[in-house]
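A.B. asks: What follows is a structure written as structure tokens; I'll ask about it next.
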Amino acid sequence: MKELTKLEEVVMIAIWRLGDMAYGVEIKKQVYEILGKEYFYNTLYTTFDQLIRKGFINKNFGEPSSVRGGKRKVFFRMTEMGELALEEAFERQSRVWGSITLDGLQRGEL
């Protein structure tokens, strides 16, 4: 299975956290909350497209909204393959960081 980039991983976590409310604005907020870094929508939508091509998420459209001038929100949902990819990313990071503590890092003990 293809590995996730760090941004793809964070976007997937955001989609997982948001559930049925996973759309652009809310995902952008979650990504900022997780990373403390602001991303432009074009960067996020490029990431969504990459994740769709990999088969890790899919998208569907909500109902037209008069508040949005008749535009429909695009909602994202993780696929079963995406859930497996996220689990693998978690396991990989756990192996990488598993025996290292923050205290050890601060004392230079790797």
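A.B. asks: Between GLU88 and PHE61, what is the FRET efficiency for a Förster distance of 30 Å, r being their Cβ-Cβ separation, to the nearest 0.05?
C.D. replies: It comes to 0.50.
A.B. asks: Sum -39500 (n - 2.57) across every DSSP H segment of at least 4 residues in the chain, then divide by the residue count to get the 222 nm mean residue ellipticity, nearest 500.
C.D. replies: Here the helix-only value at 222 nm equals -17500 deg cm²/dmol.
A.B. asks: While we're here: What's the lysine pair count for the chain at a Cα cut-off below 24 Å, pairs eight or more apart or interchain?
C.D. replies: Lysine pairs meeting the criterion: 22.
A.B. asks: Run a plain Debye calculation on region 1-101 (Cα atoms as equal point scatterers, no solvent) and give log10 I(q)/I(0) at q = 0.20 Å⁻¹, rounded to two decimals, same order as the q list.
C.D. replies: -1.02
A.B. asks: Sticking with this one: Tally Lys/Arg at +1 and Asp/Glu at -1 over every other residue whose Cβ is under 14 Å from the Cβ of ILE52; what's the total?
C.D. replies: Its environment carries a net charge of +3.
A.B. asks: In addition: Would you tally the net charge around ALA89, using a Cβ to Cβ cut-off of less than 12 Å, leaving ALA89 out, and scoring K and R as +1, D and E as -1?
C.D. replies: So the environment of ALA89 carries a net charge of -3.
A.B. asks: On to the next question. Please give the FRET efficiency for MET1 paired with LEU105, using the beta carbon to beta carbon distance and R0 = 35 Å, rounded to the nearest 0.05.
C.D. replies: E between MET1 and LEU105, to the nearest 0.05, is 0.75.
No value in this document is a laboratory result; all are computed from the given coordinates. Since the model is a prediction, treat every value here as computed from it, not as a measurement. Neighbour counts are summed over all protein chains in view; Cβ atoms, including those assigned to glycine, are modelled from backbone coordinates with ideal geometry.
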